[in-house]
Amino acid sequence: MDSTTMKATAHTNIALIKYWGKKNIELNLPTTSSLSLTLDKYYTTTSVSSAEIDSFVLNNQPADATRIHHFLNMLRKQLGDFSPLKVISENHVPTSAGLASSASAFAALTGVVVHELGMNLSNEELSRLARRGSGSASRSFFGNFAVWHKGIDDESSFAESLNASDMPIALVVAEVSHAEKKISSTEGMQRALTSPNYDDWLVKSANQLIDMQSAIQHADIDKVGSIAEDNALGMHALNLTASRQPFTYFTDQTQMILSLIQDMRHQGILAYATIDAGPNVKIITTKDEASTIVNILKNAMPTLAVEVAQSGPGISYD
Ligand code: ADP
Ligand code: DP6
Ligand code: CO
């Protein structure tokens with residue numbers, strides 16, 4: 001691999017129907033299919049160059065390369081051997097805070113390595129590879145809405161674009177904390193699998209995915225939000241009811257925002273919550289109502305950091 005300055009930029013995505021459990025850890029096959037919206041605000045840019053050993057620089061600081069080394073070795077087996085790499089990455093998203101840094105990170109890394117190898121793979125093929133680094137990364141090659149088909153083996157578990165028409169959806173992101181989570185997504189979902197409610201959640205998730213696809217085709221943002229909130233709260237209920245080491249990612253501020261969202265709905269504002277593996281709350285709304293929601297949050301919680309995100313693009317190279 002030549003030393004070069006090519007970069008890949010991939011955006012994070014927020015799952016509206018969540019991935020929260022692995023059927024096969026080695027292949028990273030999920031227990032459910034999932035559906036996401038790619039976000040414009042948050043992204044990762046990654047480049048690689050030849051090195052003595054696999055190494056990792058994140059936001060200009062040397063970082064632990066264990067997970068990257070493991071992933072690059074998987075790529076070497078799948079794509080043919082290549083020499084050690086220095087991976088240089090910038091996260092324009094808080095790392096390990098439940099704002100999906102692993103999604104944009106492993107999509108950008110997969111994209112740049114495959115391009116540097118001179119290979120031309122479709123985004124669907126790239127998504128199969130990135131899935132092995134972090135499941136949510138499979139969905140970050142595509143702009144707007146994407147579906148990750150859970151599949152039954154390595155070949156059939158990949159993501160693709162939903163080809164939905166544009167709709168005026170917005171996400172108000174209440175950034176409760178940028179702190180590194182104590183329980184990684186990988187660990188959290190292993191615990192959730194031990195909940196006695198897990199099988200019921202699987203059945204419900206399959207139905208919610210069908211309803212969500214229909215709501216998106218009809219550009220029905222109210223329905224998109226209400227299904228997404230139901231799905232997300234179900235996921236977090238699994239964490240609380242895990243038989244082995246129950247836990248929650250919610251903090252007091254998370255709870256406060258959830259109750260503010262209920263108040264907003266009583267006032268006729270379109271607002272629904274979704275929450276990933278962290279305390280931060282993403283509020284699904286319309287572009288028109290986003291600023292009203294920001295104002296309500298800022299009035300109630302003056303120190304809270306709030307961003308408004310919209311539909312974002314697929315992976316790009318420069
Ligand atoms: P998040 O909610 O941010 O996705 P996860 O627990 O799923 O949190 O994943 C965090 C992990 O993703 C980090 O510990 C690191 O291993 C990996 N990661 C984050 N950013 C990058 C990056 N830019 N390049 C490579 N790996 C990254
Ligand atoms: C709650 O993709 O971060 O954000 O595959 O173990 O890296 P690993 O997990 P990750 O899990 C994301 C979980 C989620 C829901 C989702 O994005 O679908
Ligand atoms: Co993640």
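Readers should treat all values here as calculations from the given coordinates under stated rules, not as data from a laboratory. This structure is a prediction, so every number in the text was calculated from the model and none was measured. Virtual Cβ from ideal backbone geometry, glycine too; neighbours counted across all protein chains shown.
Remark: spin-label model distance A300-L121 equals 4.4 nm, labels positioned 7 Å along the Cα→Cβ axis.
Taking the C-alpha atoms only, the angle from helix 252-266 to the longest principal axis of the chain is near 50 degrees. Calculated translational diffusion coefficient of the chain (20 °C, 1.002 mPa s; Stokes-Einstein with Kirkwood radius over alpha-carbon pairs) equals 109 µm²/s.
Give the residue list of trypsin sites (Lys or Arg not before Pro) in the stretch 257-318 that are DSSP loop and have at most 14 other beta-carbon atoms within 10 angstrom. Spell out each step's value before the answer.
Details: sites: R265, K282, K287, K298; in loops: K287.
Loop-located and lightly packed - K287.
Give me the number: length gained by fully extending D153 to T5, i.e. 0.36 nm times residue separation minus the C-alpha to C-alpha distance, one decimal in nm. Walk me through the numbers on the way to the answer.
On the way: separation 148, 0.36 × 148 = 53.28 nm, distance 3.50 nm.
Difference between extended and current length: 49.8 nm.
Which of K7/K182; K41/K77; K22/K282; K7/K204 have a Cα-Cα distance over 28 Å? Cα-Cα > 28 Å for K7/K182; K41/K77; K7/K204; rest within. In summary, the aspartates and glutamates within cross-link reach of K298, defined as a Cα separation below 20 angstrom excluding same-chain residues under 8 places away, comprise E175, D252, D263, D288, E289, E307. Proximity of backbone amide H atoms, modeled 1.01 Å from N, is registered between V176 and N280, V281 at under 5 Å, excluding neighbours fewer than 5 places apart on the same chain. Taking other residues whose beta carbon is less than 12 angstrom from the beta carbon of T274, and scoring Lys, Arg as +1 and Asp, Glu as -1, yields -1.
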